[in-house]
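We did not get these values from a lab; they are worked out from the coordinates using the rules stated. Computed from a prediction, not measured in an experiment: that's the story for all the values here. Backbone-built Cβ (ideal geometry, glycine too); neighbour counts: all protein chains shown.
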Amino acid sequence: MRARLATLALCCALAACTSAPTREDAQLFATARVVTDFESYDLHRVGLLPLVGQEVWSEQSEPVQSGFLGELSRTTPFEVVHLGQGDLAEIPGSDPYRRGWYDPRTIIALAKRYQLDAVFVGTLADAQFFAPQRLAVQLDLVACETGAAIWSGSVHLDASDASVRDSLLIWATDASDAEYRGSEPSDLALLSPRRFARFAAWQLSQLL
């Protein structure tokens, strides 16, 4: 009898282990292109510039920047340095909101000032900050050594899509995320712009 109970308990435990999804089970919606000599670049300290285009969505876009900073810092092998508008004030060519892009002189000047090996340059192409949330971001990793993009990724998430919602909830309930473990309901990710942005950044980081 005891042997039967032990076997039953073991089976239940194994079933519980196999039935709990992890972030590796979440579907990837991001795509990326990488240069063939990517591994030759020695990248340790990477800056994160304000997303180009975020002014279109005014102050509501701030959680996107915050979400990307938090997730890229946590899931990439780089030391990610947050660069705000104040850091760009005296840098030449730093008018991305009018030009729609960052001047190479900006990248070079930032690299010297903050001892950066590369810079994340992102564009917020589309967003909706109420349910169902929507977010489209293009992210380039620009090497300060050459001024060229050595990695480019893009992700478009629309929470009206069932597959996006399912993957988002899998990502949000993974117990490996100590920052949020047990502190909030998993479906808050469907409503929180910052959490939704973190999910987008996580998607991109899986391809780095």
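Just add up the charged neighbours of Gly147: K/R +1, D/E -1, any other residue whose Cβ is under 11 Å from the Cβ of Gly147. After counting each charged neighbour, the total is -1.
Kindly rank 71-82, 30-41 from highest to lowest mean number of other beta carbons found within 10 Å of each residue. Intermediate results must be reported in sequence, preceding the final value.
Numbers: 71-82: 17.2, 30-41: 13.0.
Ranking the peptides 71-82, 30-41 by packing returns 71-82, 30-41.
Between Leu28 and Asp166, the modelled label-to-label distance comes to 1.9 nm, taking each label 7 Å out from Cα in the direction of the beta carbon. Note on Gln206 and Ala89: the model spin-label points, each 7 Å out from Cα along the C-beta direction, lie 4.1 nm apart.
Sequence-ordered 3J(HN,Hα) estimates for the range 37-52 from the Karplus curve with 6.51, -1.76 and 1.60 and θ = phi - 60° stand at 9, 3, 5, 7, 7, 9, 10, 10, 10, 10, x, 10, 7, x, 5, 5 Hz, glycine and proline given as x.
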